[in-house]
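Student: First, the structure itself, so that you have it in front of you.
The values are calculated or read from the model by the stated rules, or taken from the named source; none is laboratory data. This structure is a prediction, so every number in the text was calculated from the model and none was measured. Don't worry about glycine lacking a Cβ; one is built from the backbone with ideal geometry, like all the others, and counts go over all protein chains shown.
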Amino acid sequence: MSEVHRSPKPIEVSPAADAAKEMRRLSRRGLFWAGAALLGGEAARRWLNSRRLEEGTVWPLRRALEFNESLWRDQFSTRRLVRTYPRRLAKMPRPNGLGWMQAAYESEWRLRVTGVVGEEFTFTLADIKALPRVEQVTRLCCIEGWSVIVHWTGTPFSALLDRIGEGMAMDRQFIRYVQLESSGDGYFVGLDVESALHPQTLLCYEMMGKPLTLEHGYPLRLVAPTKYGVKSLKQIGEIRLMQTRPDDYWAIRGYDWYAGL
């Protein structure tokens, strides 16, 4: 009687075992790529740190900031207004920042404007308040990552230039930049003149319907809603109209000079 040959029974592998095997394979691959990424990142860090400095930061990062500035400046227009909000949404912003460390008194405070054909102009707060009055509710965006809607009152920066230009030949095409400095504390910012003359850039003397407090820039501060708040200098003491790009407190410490939104 012939023997009956039977096929061996196939070995069954559970789905759980397949999954565990695949996870081990992926883990090994992930560990490899993570290690490669760490080594590559460390090599890039060392390379960057070995590059020469330009204006407070290594030149590859400075080039990236300059490229970013070019993009923002190309799309900038004085006809492009930032969004405004109902006054009921406005809140008091944080009092952080520099430019408000010195006590100021309205009777003693003066705003100096220099750089126009070698002349110097001086304004009192009453002179500033005599210029066209504007109220606006815009968002203040801090470079630290927070923002708040604020009700501002002041005069357009352009109105100050109009006042200076009355009765004298002031060719604005030679004014390319503006530098503003706080009263006596060594804090200063630089602006391109297009941003300074934007219709929503204000020399502000009131906030939330009341005069500025010392920590918010009394007696006069800049409000530039097309820029991060780091440009909105508090307690302005001097304005310089310039043909060449001026220094900026944070830019010479490695930050973005343009700071556009």
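Student: Give 188, 174 a once-over and let me know the one that is in contact with a Pro (Cβ under 9 Å, 6 or more places away or on another chain), in the same structural domain as residue 241 (by TED's automatic domain parsing) and over 26 Å from residue 90 (Cβ atoms).
Tutor: Answer to the selection: 188.
Student: Please work out which residue is modelled with the highest pLDDT, limiting yourself to region 160-192 and to residues that are buried (at least 20 other Cβ atoms within 10 Å of the Cβ) and not in a strand (DSSP E or B).
Tutor: Out of the qualifying residues, it is 160.
Student: State whether the residues of region 108-118 include one that is surrounded by 13 or more Cβ atoms within 10 Å (Cβ to Cβ), of a type in the set (Gly, Ala, Ser), out of contact with any Pro (no Cβ under 8 Å at 6 or more places or on another chain) and modelled with pLDDT under 95.
Tutor: yes
Student: Looking at 219, 225, can you tell me which residue is crowded, with 16+ Cβ neighbours inside 10 Å, part of a loop (DSSP other than H, G, I, E, B), touching a Cys at 6+ places or on another chain (Cβ under 9 Å) and modelled with pLDDT of 90 or more?
Tutor: After applying the criteria, what remains is 225.
Student: Taking region 199-213 as the region of interest, how many residues are of a type in the set (Ser, Thr, Tyr) and in contact with a Phe, Trp or Tyr (Cβ under 6 Å, 6 or more places away or on another chain)?
Tutor: Number satisfying all stated conditions: 1.
Student: When you go through (1) surrounded by 13 or more Cβ atoms within 10 Å (Cβ to Cβ); (2) modelled with pLDDT under 95 one by one for residue 127, which number turns out not to apply?
Tutor: Of (1) surrounded by 13 or more Cβ atoms within 10 Å (Cβ to Cβ); (2) modelled with pLDDT under 95, only one is false for residue 127: (2).
Student: Among the residues of region 193-216, which ones are surrounded by fewer than 21 Cβ atoms within 10 Å (Cβ to Cβ) and of a type in the set (A, V, I, L, M)?
Tutor: 193, 197, 208, 214, listed by residue number.
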